[in-house]
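Structure first, commentary second.
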Amino acid sequence: MDKPERKPEAPFRSFGDYRWDEVPLLAYKEEGAAPFKAITRQVLFQNPELACEMRYFEVAPGGYSTLERHQHSHGVMILRGAADVLVGSQIRAVKTFDLVHIPPMTWHQFRTTGEEPMGFVCMVNAARDKPQLPTADELEVLKSDPVIAAFLG
Ligand code: MN
């Protein structure tokens, strides 16, 4: 998949108010690509020497990420706020500095809880497949668990 040209990353970039020097604030995904709500994306590390990328996502109160799965994997650290997170058939409440691993082909979604924005750092394979959305049948299977049904709303 083609990536836009990027300048080499500076050795040091400072942080302030959940922004980083030289890192643009982007939309989470292309509008209409998949269901999600109230998320921004910042790409912190994306360079050819690394086999992974590191991004920072921020979800406003009441927001959520896309319910999806894919062959690639995510390593996540919560940086601010709180969320309920679905990984496979498990749902956990997470907060600052908690870690979340999302294995290949595992349904996952982040939903903010509380009044604060929820921000997390997400490490991901540089070469990766396109996320899959659940079919109506797959959604029905997920929702056969009443706890997951309540989570998905
Ligand atoms: Mn994902």
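The values are calculated or read from the model by the stated rules, or taken from the named source; none is laboratory data. All figures in this text were calculated on a predicted structure; none of them were measured in a lab. Neighbour counts are summed over all protein chains in view; Cβ atoms, including those assigned to glycine, are modelled from backbone coordinates with ideal geometry. Accessible surface areas use protein heavy atoms only, side chains included; no ligands, DNA or RNA. Shrake-Rupley method; radii C 1.70, N 1.55, O 1.52, S 1.80 Å.
A compact table of results
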| read-out | value |
| --- | --- |
| Search result, residues across segment 84-108 that are open to solvent by less than 50 Å² (accessible area, probe 1.4 Å) and within 21 Å of residue 43 (Cβ to Cβ) | 100, 102, 108 |
| Some residue of segment 92-107 being touching a Pro at 6+ places or on another chain (Cβ under 8 Å) and within 25 Å of residue 143 (Cα to Cα) | yes |
| Segment 64-79, residues that are open to solvent by less than 50 Å² (accessible area, probe 1.4 Å) and more than 10 Å from the ligand (Cβ to nearest atom) | 75, 78, 79 |
| Filter result (open to solvent by 40 Å² or more (accessible area, probe 1.4 Å), within 16 Å of the ligand (Cβ to nearest atom) and either closer than 20 Å to residue 149 by Cα or polar (S, T, N, Q) (or both)) within segment 109-124 | 111 |
| Residue list for segment 28-63, restricted to those being within 16 Å of the ligand (Cβ to nearest atom), of a type in the set (Phe, Trp, Tyr) and at pLDDT 95 or above | 56, 57 |
| Near pairs, Cβ below 9 angstrom, 6+ apart or cross-chain, from segment 51-74 (closer than 17 Å to residue 86 by Cα) to any residue that is part of a loop (DSSP other than H, G, I, E, B) and open to solvent by less than 10 Å² (accessible area, probe 1.4 Å) | 57/65; 59/65 |
| Flag for residue 132 being over 12 Å from the mean Cα position of the chain (by Cα) and not aliphatic (A, V, I, L, M) | yes |
| Subset tally (residues that are in contact with a His (Cβ under 7 Å, 6 or more places away or on another chain) and β-branched (Val, Ile, Thr)) for segment 86-105 | 2 |
| Hits in segment 27-47 (condition: among the aliphatic types (A, V, I, L, M) and surrounded by 12 or more Cβ atoms within 10 Å (Cβ to Cβ)) | 33, 34, 38, 39, 43, 44 |
| Test result for residue 77, at pLDDT 95 or above and part of a strand (DSSP E or B) | yes |
| Scope segment 119-138; condition under 22 Å from residue 84 (Cα atoms) and either of a type in the set (Lys, Arg) or in a strand (DSSP E or B) (or both); matching residues | 119, 120, 121, 122, 123, 124, 132 |
